[in-house]
Amino acid sequence: MDAAEAEKQAGRRFTWPWFLVAVLVYLGIIQGLGQLIGVDTPSSDSRFPTTESLVRNALIPIGASIVFVAALVTWLGWWGEVLRYRVPVRRWVRWVPISMLLASLVALNYGHLADQSAALVGCLLLLGLFVGVGEELMFRGVGVHVFKRAGFSEGEVALWSSVIFGLAHVSNAIGQGAQAIIQALVVCTSGYFLYLCLRVGGVILLPMLVHGLWDTSLFSSMIGAEPVVYPGAVLIILLQVALIVVLVTRRRAVSPTRTPTSPA
């Protein structure tokens, strides 16, 4: 067994059915705490009209879920491989994280954020950080390595980790209704793009950054007493469509082509 194979098998064994159980526990923490300590905001069209609503409805539940995932990775003994994922990609794939970061920066509603309190904006930034760390650690961290260890091909690892990532967002139907189904379908494709970010960076910090900034830009128009429609958010939609087209047309051109002298 070489060093790479030894690292791959380090730590406890964790099969994909148990990963599904872990995902359910993870979602139960978020939704359960949200229902238990959350603040009702029926009189507002805003997702988070006040700092208190953002903290109690999102930050505390998501923060608790991060503690759970971190404890899971520690128990598994997988920190070494979860933090790194050294699977090469072709050079063009680098444009996936670059384009997502640029689109997120453009789509941030700076004007609307300037009208909000410093506490609310600070909590929004913290929410983006929490979402990026928690979801990436769960799905691009534990999830990707669960399927990798099970012997799935790289394409299957990308597919199933992304599908489960999308299905996990169906749980948002508790607070958002039927639109969570559409959200789940969109998030499936986003999961694949974040998987590509993981491969481009070779470390989980890159998809965490991309994911956190992406969600921050989406939420930037939804906070405060009066949410607004921001034209810059259209760029997020256009990029999502463009990346889906790239996914369909170039999905087989992600991995480098081996030469006859390349190691297997």
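For the chain, the fraction of 1.4 Å probe accessible surface lying on carbon and sulfur atoms is 68 percent.
Each Lys and Arg Cβ is given +1 and each Asp and Glu Cβ -1; about its Cα centre, the chain then shows a dipole of about 1100 debye.
For the chain, the per residue solvent-accessible surface stands at 50 Å², with DNA, RNA and ligands left out and a 1.4 Å probe. Computed about its Cα centre, the charge dipole of segment 25-130 is approximately 700 debye, with only Lys, Arg, Asp and Glu carrying charge at their Cβ.
Over all directions, what mean area does the Cα convex hull of the chain project, stated in square nanometres? Averaged projected hull area, Cα only: 14.4 nm². So what is the 222 nm mean residue ellipticity for the chain from helices alone, if each DSSP H run of at least 4 adds -39500 (n - 2.57) and you divide by all residues, rounding to the nearest 500 deg cm²/dmol? So the helix-based figure for the chain works out to -20000 deg cm²/dmol. For the chain, the residue among 138, 96, 213 whose Cα projects farthest onto the positive side of the dipole built from Cβ charges is 96. Ranking 28, 41, 53 by Cα position along the charge dipole of segment 12-149, where only Lys, Arg, Asp and Glu carry charges on their C-beta atoms, puts 28 farthest toward the positive end. Over the chain, with a Gaussian network built from C-alpha contacts below 10 Å, which listed residue (44, 104, 217) shows the highest mean-square fluctuation? Checking each option, the largest mean-square fluctuation is seen for 44. Within segment 180-210, what residues put their amide N at less than 20 Å from the label point 7 Å along the Cα-to-Cβ vector of residue 84? It comes to 195-209, nothing else.
Per-residue extension of 0.36 nm, minus the Cα-Cα distance of residue 16 and residue 154, leaves a gain of 48.2 nm for this segment.
How much FRET efficiency would the formula 1/(1 + (r/R0)^6) give for residue 182 and residue 249, where r is the Cβ-Cβ distance and R0 is 22 Å, rounded to 0.05? Result of the calculation: an efficiency of 0.40. What is the magnitude of the charge dipole of segment 89-239 about its Cα centre, with +1 placed on the Cβ of each Lys and Arg, -1 on the Cβ of each Asp and Glu, and no other charges, expressed in debye to the nearest 20? For this selection, approximately 600 debye.
The values are calculated or read from the model by the stated rules, or taken from the named source; none is laboratory data. All values reported here derive from a predicted model rather than from experimental measurement. Don't worry about glycine lacking a Cβ; one is built from the backbone with ideal geometry, like all the others, and counts go over all protein chains shown. Note: accessible area is taken over every heavy atom of the protein model, side chains too, but ligands, DNA and RNA are not part of it. Shrake-Rupley method; radii C 1.70, N 1.55, O 1.52, S 1.80 Å.
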